[in-house]
Amino acid sequence: MEMISIEKTIAIMIGIQGAGKTTFCKTRLSDYEYVNLDTLKTRDNEEKLVKKLFREDKSFVVDNTNRFKSDRERYIPTAIAKGYKIVGYYFESDLKACLRRNRKRSRKVPENVIKEYYNIVLNNRPTYDEGFDEIYTVINDDKEMIITEYIE
């Protein structure tokens with residue numbers, strides 16, 4: 001499996017629950033420091049970790065849904081100021097497949113929440129105007145992660 005190279009980079013996952021974001025992080029971005037609100041429990045804990053990673057000039061991945069531009073703005077302005085390469089991974093998801101994957105999880109997300117997030121993410125797709133240097137589309141077909149150049 002191809003690993004994605006590191007140069008002072010912040011990788012921002014964008015997609016609904018069950019899209020494969022965490023699997024992608026573990027298989028393609030395992031050399032990056034890992035930031036995830038679910039594991040850190042509070043936004044305050046997340047903010048402290050992100051500040052520490054920026055202070056130490058470490059590359060890291062933000063594995064949250066990042067469904068709104070305002071979610072992504074938590075990281076991008078500081079990343080620009082600190083000279084980071086900013087890469088977005090937009091998970092173009094099949095809602096039925098995400099719901100199916102969710103049913104197999106130990107910590108299930110309520111289906112109505114996934115459906116709500118699906119519509120939000122569709123209507124808040126990332127743009128280069130936000131400050132991204134690169135954006136990729138990721139499609140998880142359950143056999144592989146297909147990565148292509150993102151088209152706005």
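A compact table of results
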read-out: Count of residues meeting criterion [touching a helix residue (DSSP H, G or I) at 6+ places or on another chain (Cβ under 7 Å), in contact (Cβ under 8 Å) with a residue 40 or more places away in the chain and outside any loop (DSSP other than H, G, I, E, B)] in region 15-41; value: 0
read-out: Residues located in region 55-72, provided they are closer than 16 Å to Asn36 by Cα, outside any loop (DSSP other than H, G, I, E, B) and touching an Asp or Glu at 6+ places or on another chain (Cβ under 7 Å); value: Phe60, Arg72
read-out: Hits in region 106-130 - residues which are in a helix (DSSP H, G or I), closer than 22 Å to Glu149 by Cα and of a type in the set (D, E, K, R); value: Asp129, Glu130
read-out: Condition check for Asp44: open to solvent by 40 Å² or more (accessible area, probe 1.4 Å) and part of a helix (DSSP H, G or I); value: yes
read-out: Restricting region 107-121 to residues that are touching a helix residue (DSSP H, G or I) at 6+ places or on another chain (Cβ under 9 Å) and either acidic (Asp, Glu) or open to solvent by 80 Å² or more (accessible area, probe 1.4 Å) (or both), the residue that is modelled with the lowest pLDDT; value: Arg107
read-out: Cβ pairs under 7 Å, 6+ apart, first in region 88-105 and farther than 18 Å from Ile146 by Cβ, second open to solvent by less than 90 Å² (accessible area, probe 1.4 Å) and not in a strand (DSSP E or B); value: Leu99/Gly18; Leu99/Glu111; Leu99/Ile114; Asn102/Gln17; Asn102/Gly18; Asn102/Val109; Asn102/Ile114
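Listed here are the residues, each with its yes/no results for (1) open to solvent by less than 80 Å² (accessible area, probe 1.4 Å); (2) more than 15 Å from Lys21 (Cα to Cα); (3) in contact with a Lys or Arg (Cβ under 6 Å, 6 or more places away or on another chain).
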{"residue": "Asp63", "(1), (2), (3)": "yes, no, yes"}
{"residue": "Asn66", "(1), (2), (3)": "yes, no, yes"}
{"residue": "Thr78", "(1), (2), (3)": "yes, yes, no"}
{"residue": "Arg103", "(1), (2), (3)": "no, yes, no"}
{"residue": "Asn123", "(1), (2), (3)": "no, yes, no"}
{"residue": "Asn140", "(1), (2), (3)": "yes, no, no"}
{"residue": "Glu144", "(1), (2), (3)": "no, no, no"}
{"residue": "Ile147", "(1), (2), (3)": "yes, no, no"}
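The values are calculated or read from the model by the stated rules, or taken from the named source; none is laboratory data. Fair warning: this is a prediction, and the values are worked out from it, not measured in the lab. Heads up, the Cβs are rebuilt from the backbone with ideal geometry, glycines too, and the neighbour counts pull from every protein chain shown. Protein only, heavy atoms only, side chains kept; ligands, DNA and RNA dropped before computing areas. Shrake-Rupley method; radii C 1.70, N 1.55, O 1.52, S 1.80 Å.
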